[in-house]
Amino acid sequence: MEKCTTITGTSCQLTLSMERSSCFLAMCNSAGCSPSAQLTLPAPTDIPLRAMKAVSVQVLNESSLEVSWSLLTHSSLTGFLLEWEYVTEADGHHLHWERLSYNTSNMIITVPSTGPILQVKEQSDSAVLLKWTPLPVEEQHGFITHYSLYCQRENNTTYEVQPVPGEKLQYRLTGLSGVYQIFMTAHTVAGEGRASPPLWVTIGNKYSERTILVCVFSPLITVVLLVTMTACGQRIKQNIWPPVPDPALSSLTAWISDSEHTTKKFCSDEVMHMSTCKLTNALYDAENR
């Protein structure tokens, strides 16, 4: 076995015998070597295999294909390599491949397929406007002829199906009230595809933002107005009707004069309330001082 060791190069020149050979390539570092990749080199006397022509493809369902071919009997046959690709509009070509045993004659390729993903664009009290994006080419499996829009009300077992043209990207459902489950499927000439994930929509029982704001802020505004009006009322009352002192609370009511002549001067025998007479004498003496 001939070896070729290189660290920086990406090619290696080997001298081989006239027989069929196998090459093994591995990467190594201080921790060890990686698993080897194998390449079989035919001998000069080997007859190259011809390209296979007996290949057929059968559609099993909306998401799978079966590729079949006839078995070959050749001494140098070691296996088959099946390649396929999804053709997309945005990302170009994506190549996939699968290595198969030499005694295999078919393989099933599973292709993803689903309906458009629905989104709510507009919503009112009794209607909803739905929108979606076109399916990728690898999920269409042909030309979309039309869509089927399924609408089911909560606690109901039946669906209402609305046909939608294939070129449409939005659709309005009207006359709704309650909670609904909505999903969509795509149709080609081969039939109907799988359904998209369901979308739950509530119609008619949803309060608007304006209603919520009114319900929340109306009591608060009322309380603020009441507090403001109460404070203003107190100020108006103080300005129009200022507080008047109560004579009964004056300290002069407890003052008693020591002069007997003032009593005789202002009070007669007919005066029954001496407190009034004493108060009058006190005011008289205070003025004459």
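Bear in mind these aren't lab numbers, they're just calculated from the coordinates by the rules spelled out. On a predicted model such as this, the values are computed, not experimentally measured, just so you know. Please note: Cβ atoms are built from the backbone with ideal geometry, for glycine as well, and neighbour counts cover all protein chains shown.
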Task: Modelled FRET efficiency - R0 51 Å, Leu41 with Ile117, Cβ distances, 0.05 increments - done: 0.55
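Give me the extension gain from Ser17 to Glu167: residue separation times 0.36 nm, minus the current Cα-Cα distance, reported in nm with one decimal.
47.6 nm
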Open item on the list: Can you compute the radius of gyration and Dmax for region 112-191, using only the Cα atoms, both in Å?
Closed with: 13.2, 38
- [ ] First measure r as the distance between the Cβ atoms of Ile109 and Thr145, then evaluate 1/(1 + (r/R0)^6) with R0 = 30 Å and state the FRET efficiency to the nearest 0.05.
- [x] 0.80
Open item on the list: If I model a spin label at Gln181 and Trp97 as a point 7 Å from the Cα along the Cα→Cβ vector, what separation in nanometres do I get?
Closed with: 4.5 nm
TODO: Compare the peptides 13-20, 119-126 by average per-residue count of other Cβ atoms within 10 angstrom and give them in order, highest first.
DONE: 119-126, 13-20
TODO: Take the Cβ-Cβ distance between Glu85 and Asn155 as r, set R0 to 35 Å, and report the resulting FRET efficiency rounded to the nearest 0.05.
DONE: 0.15
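What full-extension length gain, to one decimal in nm, is calculated for Leu77 and Cys28 as 0.36 nm per residue of separation minus the Cα-Cα distance?
Net length gain for the segment: 14.5 nm.
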Task: Distance between modelled label sites at Ala127 and Glu192, nm, 7 Å Cα→Cβ extension - done: 2.6 nm
